[in-house]
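S.K.: The structure under discussion is supplied below as structure tokens; questions concerning it will follow.
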Amino acid sequence: MDAPGDPEGPRLPRGDDPPGNARETPRQLSREQLFVLISAASINLGSMMCYSILGPFFPKEAEKKGVSNTVTGMIFGCYALFDLLASLVFGKYLVQIGAKFMFVAGMFVSGGVTILFGVLDQVPEGPIFIAMCFLVRVADAVSFAAAITASFSILVKAFPNNVATVLGSLEIFSGLGLVLGPPLGGFLYQSFGYEVPFIFLGCIVLLMVPLNVYILPNYDSDPGEHSFWKLITLPKVALIAFVINSLSSCFGFLDPTLSLFVLEKFNLPAGYVGLVFLGLALSYAISSPLFGLLSDKIPHLRKWFLVWGNIITAGCYMLLGPIPVLHIKSQLWLLVLILVLNGISAGMSIIPTIPEILSCAYENGFAEGLSTLGLVSGLFSAMWSVGAFIGPTLGGFLYEKIGFEWAAAVQGLWALTSGLTMGLFYLWEHSRRRRSKLQNIVGTEEERTALLPDEI
């Protein structure tokens with residue numbers, strides 16, 4: 001295998017390549033690859049801890065400041081909206097800005113604004129508090145968009161033949177961040193008050209900055225000719241983007257709603273509410289490396305993971321309340337079990353998306369360099385952000401209007417629609433390829449028949 005920084009290094013295998021000859025990778029990681037993994041793990045852990053820390057206690061804290069559930073949902077959702085806009089910009093100009101600088105600068109700014117979020121309880125209640133929440137949340141979104149977009153691109157550049165395996169393995173750290181964030185935030189909030197969780201996590205992120213300045217390698221590349229528009233207008237990429245939207249919306253829906261539902265339904269203290277999120281995060285972190293490995297070893301399984309992962313997710317959201325028409329009593333053990341299944345189905349659906357987009361991009365003439373990787377990672381972050389904006393915003397609104405049970409069922413319909421749509425596309429693609437293959441065989445036979453008299 002060529003060095004990770006070599007622009008002529010091995011490319012990501014096509015989705016239809018046989019698994020046997022797709023990968024010839026060394027048994028040991030190079031020093032450069034190890035450093036890339038450490039850097040990516042640090043941003044995955046830090047970003048997910050900072051993102052998930054709000055869930056257990058911020059909705060209640062916002063209520064004290066006179067903020068409605070709908071506005072709280074918008075505070076959660078605005079992160080995703082500006083993450084969307086920033087990801088598109090950073091993905092487009094990744095080569096010009098520099099992947100390493102974008103990564104380190106994004107992490108530094110994010111640590112600072114996380115600390116600022118911890119002093120918002122000193123702000124007067126009402127419109128001023130709401131405005132400051134939006135302002136700090138937007139700054140955090142832009143900074144992490146820079147770091148995550150650069151991180152994805154660097155990872156795929158360093159591991160071109162094992163994209164799903166590496167991304168899946170690093171989701172352990174994303175899951176760990178989701179696991180540690182809510183209970184740690186709930187514990188620190190109960191023990192020391194509102195400020196300490198944010199100051200503590202912000203300092204952890206800032207401590208990671210000098211480490212990444214030292215160990216993260218530089219990757220140089222030439223700007224590409226293609227754009228986000230050309231990428232997203234590829235039918236397969238557009239449908240995968242819809243899948244990413246639905247999955248991120250499902251995750252985002254839980255932020256402003258699940259903690260309130262658990263507090264109201266089961267009367268748990270804030271510190272224990274964070275443990276409810278544990279089932280989702282832990283199962284996602286454990287299952288993701290397995291699905292990543294299978295996606296790389298057996299590429300044709302990726303399409304089935306995408307389809308069935310969404311369908312299972314839809315079923316989970318129907319049972320999360322559960323939906324009243326099922327006449328199933330809501331119980332804490334059932335809720336945790338459904339969240340565990342949801343974590344597994346999410347890993348099944350999310351991990352194959354980037355390899356599938358990359359395969360489609362390369363098949364349609366995109367250059368194999370850092371420029372294309374920036375477009376793909378920016379697109380993934382942007383599409384994830386669309387759903388992560390709609391999920392909590394719509395979730396907070398529906399929670400107020402129709403209750404958690406029906407709101408979760410509505411959210412499940414989105415995942416069901418994306419799964420079925422993706423399945424129909426793959427069936428159409430399979431039948432088109434079969435027709436094309438048959439036409440080639442018939443054409444070859446006709447040529448042979450036409451040549452036979454001359455040969456005789």
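S.K.: Contact order normalised by length for the chain, with contacts defined as Cα pairs under 8 Å and 6 or more residues apart; what percent is it?
M.R.: Relative contact order of the chain: 28 percent.
S.K.: Quickly work out the N364-to-L301 label distance, labels modelled 7 Å from Cα along the C-beta direction, and quote it in nm with one decimal.
M.R.: With each label placed 7 Å out from Cα toward Cβ, I get 2.7 nm.
S.K.: Compute the distance from the alpha-carbon center of segment 169-187 to that of segment 236-274, in whole Å.
M.R.: With segment 169-187 and segment 236-274 each reduced to a Cα centre, they are spaced 15 Å.
S.K.: Rounded to the nearest whole Å², what accessible area per residue is found for segment 222-440 with the 1.4 Å probe?
M.R.: Averaged over the residues of segment 222-440, the accessible area is 40 Å².
S.K.: Let me ask something else about it. Taking Cα atoms of segment 222-440, Rg/Rh with Kirkwood Rh, to two decimals?
M.R.: Ratio of gyration radius to Kirkwood radius: 1.03.
S.K.: Bin width 5 Å, alpha-carbon pairs only: give the P(r) of segment 30-220 as whole percents, running from 0 to the bin holding the largest distance.
M.R.: Calculated P(r), rounded to whole percents: 1, 8, 16, 20, 20, 14, 9, 6, 3, 1, 0.
S.K.: Can you run the Rg to Rh ratio on the chain? Use alpha carbon positions and the Kirkwood inverse-distance Rh.
M.R.: My calculation puts Rg/Rh at 1.02.
S.K.: While we're here: For labels at L332 and I38 in the simple 7 Å Cα→Cβ model, what's the distance in nm?
M.R.: Each label point lies 7 Å from its Cα, and together they span 4.2 nm.
S.K.: Based on the Cα coordinates of segment 140-241, what is the per residue volume of their convex hull in Å³?
M.R.: Expressed per residue, the convex hull around the Cα atoms of segment 140-241 is 156 Å³.
S.K.: Separate question: When only alpha-carbon atoms are used, what values of Rg and Dmax, in angstrom, describe segment 248-305?
M.R.: Final numbers for Rg and Dmax: 15.9, 46 Å.
S.K.: While we're here: Which one, Y362, W428, C133, is farthest towards the positive end of the dipole of the chain when Lys and Arg carry +1 and Asp and Glu -1 on their Cβ?
M.R.: Highest projection toward the positive end goes to C133.
S.K.: While we're on this one: Explain nothing, just the number: relative contact order of segment 203-347, from Cα pairs under 8 Å at least 6 residues apart, as a whole percent.
M.R.: Relative contact order comes out at 28 percent.
S.K.: Further, regarding this structure: Ignoring solvent entirely, what values of log10 I(q)/I(0) come out of the Debye formula for segment 71-173 at 0.09, 0.13, 0.16, 0.20 Å⁻¹ when each Cα is a single scatterer?
M.R.: -0.28, -0.55, -0.76, -1.01
S.K.: Using a 1.4 angstrom probe with every protein chain in place, what is the largest-first accessible-area order of R435, R137?
M.R.: Heavy-atom accessible area, descending, gives R435, R137.
S.K.: A follow-up question, please. Could you pull out the pairs from K230/K297; K60/K265; K64/K401; K265/K329; K92/K157; K297/K437 whose alpha carbons sit more than 18 Å apart here?
M.R.: Table pairs above 18 Å Cα-Cα are K230/K297; K64/K401; K297/K437.
S.K.: Just to check I understand the Karplus step: with θ = phi - 60° and J = 6.51 cos²θ - 1.76 cosθ + 1.60, what whole-Hz values come out for segment 183-198, glycine and proline as x?
M.R.: Computed from phi, the couplings for segment 183-198 are x, 5, x, x, 5, 5, 5, 5, 7, 10, x, 5, 5, 4, x, 6 Hz.
S.K.: How large is the Kirkwood hydrodynamic radius of segment 37-109, in angstrom, based on all distinct alpha carbon pairs?
M.R.: Its Kirkwood hydrodynamic radius stands at 14.4 Å.
S.K.: So what's the back-of-envelope 222 nm ellipticity for the chain, counting only DSSP H runs of four-plus at -39500 (n - 2.57) apiece and dividing by all residues, rounded to 500?
M.R.: -28000 deg cm²/dmol
S.K.: Would you work out the relative contact order for segment 30-220, in percent, from Cα pairs under 8 angstrom that are 6 or more residues apart?
M.R.: 44
S.K.: How much accessible area per residue does segment 30-220 have, in Å², with a 1.4 Å probe?
M.R.: Using a 1.4 Å probe on heavy atoms only, each residue of segment 30-220 averages 36 Å².
S.K.: Separate question: Once neighbouring chains are kept in place and the probe is 1.4 Å, which whole percent of the accessible area of the chain is contributed by carbon and sulfur?
M.R.: Result for the chain: 68 percent of the exposed heavy-atom area is carbon or sulfur.
The values are calculated or read from the model by the stated rules, or taken from the named source; none is laboratory data. These numbers come from a predicted model, not from an experiment. We place every Cβ from the backbone using ideal geometry, glycine too, and count neighbours over all the protein chains shown. We work out accessible area using only protein heavy atoms, side chains counted, and drop any ligands, DNA or RNA first. Shrake-Rupley method; radii C 1.70, N 1.55, O 1.52, S 1.80 Å.
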